[in-house]
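Following: one structure in structure tokens, then a few remarks.
The values are calculated or read from the model by the stated rules, or taken from the named source; none is laboratory data. Note that the coordinates shown come from a computational prediction; the quantities given were computed from them, not determined experimentally. Note: ideal-geometry Cβ built from the backbone for every residue, glycine included; neighbour counts use all protein chains shown.
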């Protein structure tokens, strides 16, 4: 079954701001999809449309076959969790486990069920040891894991991460990426990861590039990063390693276009020795 | 203005159960004209250090009339140009004009109705009685220096700009007072790759022409390798290394054991080393490519 299916979805902000234009996107159950695109390409708008924070002007969105409309809004929201960019904007309670329980309490689950889910969610993000900690004293990566746990407590089938690692340091970023990979693999949660970091996009099964509210490219992540000319057309930067490989090629060295430093070193070594 | 810091220690919530030693006997000199990098994990003391540079965090001896050091306490030295930050007599107000501080995500601090009012805000506060014409000229110059066209953006709401533009407006609002030293905490974080490149190019334009010294805090090792004259590595409140990138990124084992990243070029160099090829470069992409091509020419 398709986890997400949008058909001819269009959206514009009041006052004519940027928008989503006739978007058709299908995400399969269990898929790990990376969404790339320069700032203003419509990535975040898409994230907000997929769980009903924004309502499309036209077109339909289906989540596991259920149409995302007024009647099914709350049902769909339980299935599609979103983690945003700023960890400080996503916590409501002062103690970790209270914060994780917040969403589950709001949907009116019985007490024992909430306790069970909080336990599960904190375990899944590796924060059980800090369940009684004060949220404001956590690191950025830990706060984002608490935010993910809060979403997990609702047992969503789809998780959208809208640049959730952008404000974290490299260590925090690794923490989040590990957790997301594990949830996708072990809990079979469908993941839509919106990111500017190439290393993160490379973890996905498939990647799409958005431009002016449309899907401009669909490919494997490595396939997308190899399409240098198109990346430039859509205002995306080339991967650093690709730039180096290109310069070496222009200098007459025979190296492959790769994203792996090992492989590039291999080619340089061969080419230099010959 | 040189920055000279010796034996600087700082403890948050001193005397309480939550006391944390953020800086532990830090000694560091940043010379006028440098493009200096500060590296380290969250919680390593980087931000605490930079907040000392314009007196946002003040030394106890600069606050109390007669400061009695604790037993065994080494009194720190902290000088920014002529300003002695350990002294109560220091004019912190004028110091802050000389040392501009751009915080993380400075665009969150934009508040005024128009771009020009926002950029003018600091200037008006620092230069009481400044004429309207002068303000306008200074704001226009600062916006232009930040790569924005005053004619186009001055009357716009800062909130209608793109992320990268907002950040440049925020930087304009700091440089408008013509600081000699510009300190930026993660100037490129959170922007898309092109926005990042634009901001770094902007800092290079400012460096030398507008501000003599630039200090950036960054987690991005490629950014440090490509831009900085020297960089200091903070760990648990101490400066563990302070070197130019060329030497710093040769010490990959130490950096990795601190849990820090290394630049992409350093990764490729390591992989080449394992294959018996030594490349001696400054870890910028251009220098690396040049050295590899030279090596091949030599071998032929």
Does segment B:41-64 contain at least one residue that is surrounded by 21 or more Cβ atoms within 10 Å (Cβ to Cβ), assigned to a strand (DSSP E or B) and touching a strand residue (DSSP E or B) at 6+ places or on another chain (Cβ under 7 Å)?
-> no
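Matching residues to (1) at pLDDT 95 or above; (2) over 16 Å from the mean Cα position of the chain (by Cα):
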residue	(1), (2)
B:6	yes, yes
B:30	yes, no
B:36	yes, no
B:42	no, no
B:58	no, yes
B:67	no, yes
B:71	no, yes
If the Cβ limit is 6 Å and pairs must be 6+ apart or interchain, which residue in segment A:72-85 that is under 9 Å from residue A:158 (Cα atoms) pairs with which residue that is loosely packed, with under 15 Cβ neighbours inside 10 Å and modelled with pLDDT of 90 or more?
-> none
Among A:64, A:32, which is closer than 17 Å to residue A:189 by Cα, modelled with pLDDT of 95 or more and touching a helix residue (DSSP H, G or I) at 6+ places or on another chain (Cβ under 6 Å)?
-> A:32
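Name the residue, out of A:52, A:15, that is part of a loop (DSSP other than H, G, I, E, B) and buried (at least 19 other Cβ atoms within 10 Å of the Cβ).
Answer to the selection: A:52.
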From the set of residues in segment B:280-300 that are within 9 Å of another protein chain (Cβ to nearest Cβ) and under 30 Å from the mean Cα position of the chain (by Cα), which is nearest to residue B:234 (Cα to Cα)?
-> B:285
What number goes with the only condition from (1) within 15 Å of residue A:9 (Cβ to Cβ); (2) within 14 Å of chain B (Cβ to nearest Cβ); (3) not in a helix (DSSP H, G or I) that residue A:44 does not pass?
-> (3)
With a cut-off of at least 1 residues that are farther than 26 Å from residue A:42 by Cβ, name the helices (runs of 4 or more DSSP H) lying wholly within segment A:124-210.
-> A:140-152, A:170-186
Just wondering, is there one or more residues in segment A:56-65 that are assigned by TED's automatic domain parsing to the domain that holds residue A:182, outside any helix (DSSP H, G or I), touching a strand residue (DSSP E or B) at 6+ places or on another chain (Cβ under 9 Å) and under 30 Å from residue B:165 (Cα atoms)?
-> yes
With respect to residue B:110, is the statement that it is surrounded by 13 or more Cβ atoms within 10 Å (Cβ to Cβ), under 19 Å from residue B:29 (Cβ atoms) and within 24 Å of the chain's Cα centre (by Cα) true?
-> no
Is it true that some residue in segment B:250-260 is within 9 Å of chain A (Cβ to nearest Cβ) and surrounded by 15 or more Cβ atoms within 10 Å (Cβ to Cβ)?
-> yes
Picking from A:236, A:183, the residue that is at pLDDT below 90 and either surrounded by 17 or more Cβ atoms within 10 Å (Cβ to Cβ) or not assigned by TED's automatic domain parsing to the domain that holds residue A:8 (or both) would be A:236
Take segment A:251-267 and flag every residue that is more than 7 Å from chain B (Cβ to nearest Cβ) and in a loop (DSSP other than H, G, I, E, B).
-> A:252, A:254, A:255, A:256, A:257, A:258, A:259, A:260
Taking the residues in segment A:144-172 that are free of Cβ contacts under 8 Å to residues at least 60 places away in the same chain and away from chain B (no Cβ under 11 Å) as candidates, determine which candidate is farthest from residue A:116 (Cα to Cα).
-> A:145
Residue match in segment B:203-219 (condition: surrounded by fewer than 19 Cβ atoms within 10 Å (Cβ to Cβ), within 14 Å of another protein chain (Cβ to nearest Cβ), part of a helix (DSSP H, G or I) and modelled with pLDDT under 95) | no
Of the residues B:265, B:239, which single one is away from every other protein chain (no Cβ under 12 Å), crowded, with 17+ Cβ neighbours inside 10 Å and at pLDDT 95 or above?
-> B:239
Kindly indicate the residue of segment B:170-197 that is touching a helix residue (DSSP H, G or I) at 6+ places or on another chain (Cβ under 6 Å) and either closer than 28 Å to residue A:198 by Cβ or within 14 Å of another protein chain (Cβ to nearest Cβ) (or both) and also surrounded by the most Cβ atoms within 10 Å (Cβ to Cβ) among those meeting that condition.
-> B:187
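It is to be established whether one or more residues within segment A:216-228 are part of a strand (DSSP E or B) and within 14 Å of the chain's Cα centre (by Cα). Don't jump to the end; show me each part of the working.
Keep residues of segment A:216-228 that are part of a strand (DSSP E or B), which gives A:216-219.
The next check asks that each one be within 14 Å of the chain's Cα centre (by Cα); those that pass are none.
Among the residues of segment A:216-228, not one is part of a strand (DSSP E or B) and within 14 Å of the chain's Cα centre (by Cα), which makes the answer no.
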